[in-house]
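The values are calculated or read from the model by the stated rules, or taken from the named source; none is laboratory data. The structure displayed is predicted, hence computed values, not measured ones. Note that we place each Cβ from the backbone using ideal geometry, even for glycine, and neighbour counts take in every protein chain shown. Each accessible area value is taken on the protein alone, full model and side chains, heavy atoms only, with ligands, DNA and RNA left out. Shrake-Rupley method; radii C 1.70, N 1.55, O 1.52, S 1.80 Å.
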Amino acid sequence: MTKQSTISRAEGWRRRGPLLPALIFTIVVTQVPFAFTLYYSTQSWNLVRPGSREFIGLRNYLYVFRDSQFREVALNTVILIAGTVLISAVLGLAVALLLNRTFRGRGVVRTLVITPFLITPVAGALLWKTAMFDPVFGLVNFVLQPLGLGDVEWVSQFPLASVMANLIWRWTPFMMLLILAGLQSMPTDVLEAGRVDGAGPITLFRELTLPHLRRFIELGVVLGAIYLINTFGAVYMMTQGGPGVESANLPFYIYQRAFLGFDIGQAAAMGVITVVATILISTLALRLLFKTFTATREAA
Amino acid sequence: MAEIAYKSASCIYEGTDTPAVDRLTLEIEDGEFVVLVGPSGSGKSTALRMLAGLEDIDEGTITINGTDMVGVPSKDRDIAMVFQNYALYPNMTVAENMGFALKMRGLAKDERRRKVERAAQLLDLTEMLDRKPAKLSGGQRQRVAMGRAIVREPQVFCMDEPLSNLDAKLRVQTRTQIAALQRRLGATTVYVTHDQVEAMTMGDRVAVLKDGLLQQFATPTELYDSPVNAFVAGFIGSPAMNLVSAPVTSEGVKLGGTTLPLERDQLAELHEHGLTSATVGLRPEQLEVAHPGEGVDVRIDLVEELGSDSYVHAHLTADDTGEPATLVARSHSRTPGRLGETIAFRKSHGPVHVFHPETGQRLAA
Amino acid sequence: MSDPARPTSTAAETPRKSASTEAVVPRPSTENVHRRRRAHRKHRGVGMIWSALAWIVGLGFFFPVLWMVLTAFKHEREAYTDPPTLLFTPTLDQFQAVLGSGMGLTLLNSAFATAVSTACVLALGIPAAFALSLRPVKRTQDVLFFFISTKMLPIVAVIIPLYVIVNEIGMLDNIWALIVLYTAMNLPIAIWMMRSFFLEVPPELLEAASMDGASLATAVRRVILPLVSPGIAATALICVIFSWNEFFFAVNLTAVRAQTAPVSLVGFITGEGLFWARLSAASTLAALPVVIAGWIAQNKLVRGLSFGAIK
């Protein structure tokens, strides 16, 4: 018995061996800094005042919750993520349905549609700030001129919506890709059975296609939200969070507090709060991922 | 050339309590073709994989030519294996697939080429040597898998349901080819299947497994004529043996109002165990169709026409046991009767098999 | 099952009468053919509308990018016009100006950080994906869960200590700091994605190779890796896209020497106002490599973005 268990222990290490470098690396680079963040969030520490560092318990969190700007920024973050994700999902569904048919040049059209998602976010943000939204020379106002709306200063009048427009342009292709994958994994015999049973195209879509797509749309929404929590370049480039904090989201605000305000302690506390909020979405995401993952395994 | 011995070999999968293979003891002679057969979950594949070195031998041991194989990696056992899904290397051509083991052994290129060509000729694969597996039909892939095994001239062939991915006709064809090839090469072969017809037609000896336990290890005829228990009796033969529970009388057992006489030693053993009922077994071909009253009266449920003969499925009309026992008889007549008609089944030849009603063990030989 | 009369009669008739179909085929049937043709035509007309719509949508999404590329070839005075200028003589002036002002270095930095971090991801990720699929370690699910959970951690939560640590060890404005972070950033996605490719390899192949006398290393090199190489290539391309486009770490941890291409674009919004044409040229240069990488990898993009969950 002992002989057997030593063999299996050796085998266990042989199997674990290839995994360990990646595991250790990831722990060191991602978990250790977060532990520091937790620690910093209990410090009163401003880089501008050297030597001012001291332990203040949870008081940073208190300051953060009292900070009305933080509350506004948190709300902005939620609006930005929810708005972008939902509108992108609806548009993505529409585009995916268009691209699910076979037609001449379908591959080219798909390539064109995904390009906004690939382009460097900072470049995309600049493009929208200038070529699209410029009040005088921008294309949006040029197109809207005949409608009598030609002189809106988009970025300064509607900063958050402008950022969101840029993000929707970027994330609709993402949703489209996920939903299109869902459409293409739809078994045709089910649709054929439905048609034989006398269902029209709208009924087929509502009763068969949409339920099948649900999983994909959910996954798209949740993954989109997780990626979007890290939105930074678009805000940085288009509005710098302004005016005031009207268009700032949490990453940008924390960046401002830490690197422009040098308030390490409070910025760290905000970071921790962001993580806690994210955990909520993440748990959902993980459950979905594992479900989808095991489901596709079973199907295979 | 090799003799193989399983000595109380067990394999226990992680996270389970019951062993997948439980203290298996088997002695396989040199050059023998042994078939491991059983329903799914019987441990037959695991037993084969233990021999191949793909599963750990957790208890006991397996020896090849007297050498203990515990802890010996598969690559050092000189065993070739044919997998159920063939496991051909998709990125290599047929020739490269067949030559891979030789390459690993460090054989020179021309010698490799020569051996591969010879094996290819044997299996009618010469035309396909430069193709990739994806370009082959199911039967061709199966032959490449065979070729990959024989080109190495190993001590032992292991085959894990190699025919299960072929269609019915090809399966029968390939069955005879494999059997012939094995006789020609003379290598000890262990062959796993769930198909008892394959087991009966191919094996010199057949090991029947159930729930990880060896039930019987014998020649096909022995298995057929004297199964050691009700499980083997029911598993071997198609359609399956009729197994009916029947009350014991002084001359035999009571079946549907008539008495089926038993041999003297069978009766003696029944009395010795103090049994009032027994499980009796009759193969479909031991029953013939007769007029009502000439045997056990039955009502026809279904007639399966096979062209040459037909199988008559029927249930006992006068049922003593309470639950309607069904019987199958093989009839040479094309019109043994109509659905719902009452006829009789009569025992034609051979002994009645009698099994212990609880343990299922065979009573008297 | 089949009606024995009909097939034989038609089979006999068809070849003989095919020359004069019009005369022989009865009227209702012709009507039927016409109706079907009409329906077909109508169907095709509707199809054309949908196809046209798909093209319009596709071009609509692409148009801003196209506009950016067009502007990059304009003179500065053609970039600021109302209405927008469509016809112009293309010039490479802006590209020359951009590259002359030091963007070349940032492109090289980006290329270096992207290439090295992707290589590191593959070096760490391939063995890990193998250990989580074909020869799984115990508690594989937990390990997978851990890797994915690191992607759920917002980057802002770690940027402060990272800045402090990087500063302390004197790695600020050093490209290697970015390489380490990009590797960590992409490793979970890569492991999940490559695992999904490894899982498609039948495990019997490893067993067959070991029976054929190959060591595990040989089996992996000769049999497994050739099979999953398309998947590894797709994974690499996705890592390239993410690390090339990364902005947050780069803007916080680099300044001059190690500045990457996306950060260099910041210089165009500050300073003395905007130069659209020049900005567009810079943006085009910064975006081009990943757009091409993404176009190549588009069939596997979904798989990467969904951590291998969707094929």
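Note on the range C:66-91: residues that are surrounded by 14 or more Cβ atoms within 10 Å (Cβ to Cβ) and under 30 Å from C:Ala236 (Cβ atoms) total 3.
Taking the conditions exactly as written (under 27 Å from A:Leu284 (Cβ atoms) and either out of contact with any strand residue (DSSP E or B) (no Cβ under 6 Å at 6 or more places or on another chain) or at pLDDT 90 or above (or both)), does C:Leu172 satisfy them or not?
For C:Leu172, the condition - under 27 Å from A:Leu284 (Cβ atoms) and either out of contact with any strand residue (DSSP E or B) (no Cβ under 6 Å at 6 or more places or on another chain) or at pLDDT 90 or above (or both) - is not met.
For the range A:238-291, taking the residues that are surrounded by fewer than 17 Cβ atoms within 10 Å (Cβ to Cβ) and assigned to a loop (DSSP other than H, G, I, E, B), the one that is nearest to the other protein chains (Cβ to nearest Cβ) is identified as A:Gln240.
With respect to (1) surrounded by 16 or more Cβ atoms within 10 Å (Cβ to Cβ); (2) more than 8 Å from every other protein chain (Cβ to nearest Cβ); (3) basic (Lys, Arg), the lone exception for A:Arg49 is condition (1). Consider the range B:84-112 and keep the residues that are among the hydrophobic types (A, V, I, L, M, F, W, C), assigned to a loop (DSSP other than H, G, I, E, B) and out of contact with any helix residue (DSSP H, G or I) (no Cβ under 6 Å at 6 or more places or on another chain). The one that is least open to solvent (accessible area, probe 1.4 Å) is B:Met92. Which is open to solvent by 30 Å² or more (accessible area, probe 1.4 Å), more than 14 Å from chain B (Cβ to nearest Cβ) and not charged (D, E, K, R), of C:Phe249, C:Phe242? None of the other options fit; the residue is C:Phe242.
Checking A:Arg195 against (1) open to solvent by less than 20 Å² (accessible area, probe 1.4 Å); (2) away from chain C (no Cβ under 13 Å), which single condition isn't satisfied? Tallying (1) open to solvent by less than 20 Å² (accessible area, probe 1.4 Å); (2) away from chain C (no Cβ under 13 Å), A:Arg195 fails exactly one: (1). Look at the range B:151-163: where a residue is in the same structural domain as B:Glu32 (by TED's automatic domain parsing) and a partner is assigned to a loop (DSSP other than H, G, I, E, B), sitting 6+ places away or on another chain with Cβ atoms under 6 Å, you get B:Pro154/B:Asp78; B:Gln155/B:Ala2; B:Gln155/B:Asp78; B:Val156/B:Ala2; B:Phe157/B:Ala187; B:Asp160/B:Phe83; B:Asp160/B:Gln84; B:Glu161/B:Gln84.
Among the conditions (1) within 14 Å of chain C (Cβ to nearest Cβ); (2) open to solvent by 70 Å² or more (accessible area, probe 1.4 Å); (3) acidic (Asp, Glu); (4) under 22 Å from the mean Cα position of the chain (by Cα), B:Asp167 misses just one, which is (1). With the condition kept exactly as written, say whether any residue in the range C:92-105 is open to solvent by less than 30 Å² (accessible area, probe 1.4 Å) and within 11 Å of another protein chain (Cβ to nearest Cβ). The answer is no; no qualifying residue exists. Residue count for the range A:5-57, restricted to those that are more than 26 Å from the chain's Cα centre (by Cα) and modelled with pLDDT of 80 or more: 23. Listed here are the helices (runs of 4 or more DSSP H) enclosed by the range A:103-158 that have at least 1 residues being modelled with pLDDT of 85 or more and under 23 Å from C:Ile238 (Cα atoms): A:106-118, A:121-127. Scanning the range B:14-37 for residues that are touching a strand residue (DSSP E or B) at 6+ places or on another chain (Cβ under 8 Å), part of a loop (DSSP other than H, G, I, E, B) and on the phi > 0 side of the Ramachandran plot yields a single hit, B:Gly31.
Residues that are more than 22 Å from B:Lys75 (Cα to Cα) and not in a helix (DSSP H, G or I) within the range B:137-193 comprise B:Ser137, B:Leu163, B:Ser164, B:Asn165, B:Leu166, B:Asp167, B:Thr193, listed in sequence order. Here the condition is being more than 25 Å from B:Ala179 (Cβ to Cβ), under 22 Å from the mean Cα position of the chain (by Cα) and either open to solvent by 60 Å² or more (accessible area, probe 1.4 Å) or not small (Gly, Ala, Ser) (or both); of B:Phe235, B:Phe231, it holds for B:Phe231 alone.
Between C:Ala219, C:Ala208, the distinction of being within 14 Å of chain B (Cβ to nearest Cβ), in contact with a Ser or Thr (Cβ under 9 Å, 6 or more places away or on another chain), open to solvent by less than 10 Å² (accessible area, probe 1.4 Å) and closer than 30 Å to B:Asp76 by Cβ belongs to C:Ala219 only.
For the range C:108-149, how many residues are assigned to a loop (DSSP other than H, G, I, E, B) and either buried (at least 20 other Cβ atoms within 10 Å of the Cβ) or in contact (Cβ under 8 Å) with a residue 60 or more places away in the chain (or both)?
Of the residues in the range C:108-149, 5 are assigned to a loop (DSSP other than H, G, I, E, B) and either buried (at least 20 other Cβ atoms within 10 Å of the Cβ) or in contact (Cβ under 8 Å) with a residue 60 or more places away in the chain (or both).
Every residue, every condition in (1) open to solvent by 80 Å² or more (accessible area, probe 1.4 Å); (2) more than 9 Å from chain C (Cβ to nearest Cβ), yes or no:
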residue: A:Arg16; (1), (2): no, no
residue: A:Gly57; (1), (2): no, yes
residue: A:Val64; (1), (2): no, yes
residue: A:Asp67; (1), (2): no, yes
residue: A:Arg71; (1), (2): yes, yes
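Scanning the range B:101-146 for residues that are within 27 Å of C:Arg221 (Cβ to Cβ), without any contact (Cβ under 8 Å) to a residue 12 or more places away in the chain and under 29 Å from the mean Cα position of the chain (by Cα) yields no hits at all.
Of all the listed residues (A:Ile81, A:Ile56), the sole one being out of contact with any helix residue (DSSP H, G or I) (no Cβ under 7 Å at 6 or more places or on another chain) and touching a residue at least 40 places away in the same chain (Cβ under 8 Å) is A:Ile56. Mind listing whichever residues of the range B:194-219 are open to solvent by 20 Å² or more (accessible area, probe 1.4 Å) and not in a strand (DSSP E or B)? Once the filter is applied, which keeps residues that are open to solvent by 20 Å² or more (accessible area, probe 1.4 Å) and not in a strand (DSSP E or B), the range B:194-219 yields B:His194, B:Asp195, B:Gln196, B:Val197, B:Met200, B:Thr201, B:Asp204, B:Asp211, B:Thr219.
Considering only strands (runs of 3 or more DSSP E) fully contained in the range B:272-365, which possess at least 1 residues that are over 27 Å from the mean Cα position of the chain (by Cα)?
Strands (runs of 3 or more DSSP E) meeting the threshold: B:277-282, B:287-290, B:296-305, B:310-316, B:342-347.
Going by the conditions given, is B:Ala47 under 30 Å from B:Asp130 (Cβ atoms), within 23 Å of the chain's Cα centre (by Cα), open to solvent by less than 10 Å² (accessible area, probe 1.4 Å) and of a type outside the set (Val, Ile, Thr)? Here the answer is no, as B:Ala47 does not meet what is asked. Could you tell me whether any residue of the range A:92-112 is under 21 Å from the mean Cα position of the chain (by Cα) and either facing chain C (nearest Cβ under 8 Å) or surrounded by fewer than 21 Cβ atoms within 10 Å (Cβ to Cβ) (or both)? Yes - at least one qualifying residue is present in the range A:92-112. Scanning the range A:198-237 for residues that are surrounded by fewer than 14 Cβ atoms within 10 Å (Cβ to Cβ) and closer than 20 Å to A:Lys291 by Cα gives A:Leu210, A:Pro211, A:Arg214. Of the residues making up the range C:228-239, just one is open to solvent by less than 30 Å² (accessible area, probe 1.4 Å) and among the polar types (S, T, N, Q), namely C:Thr235.
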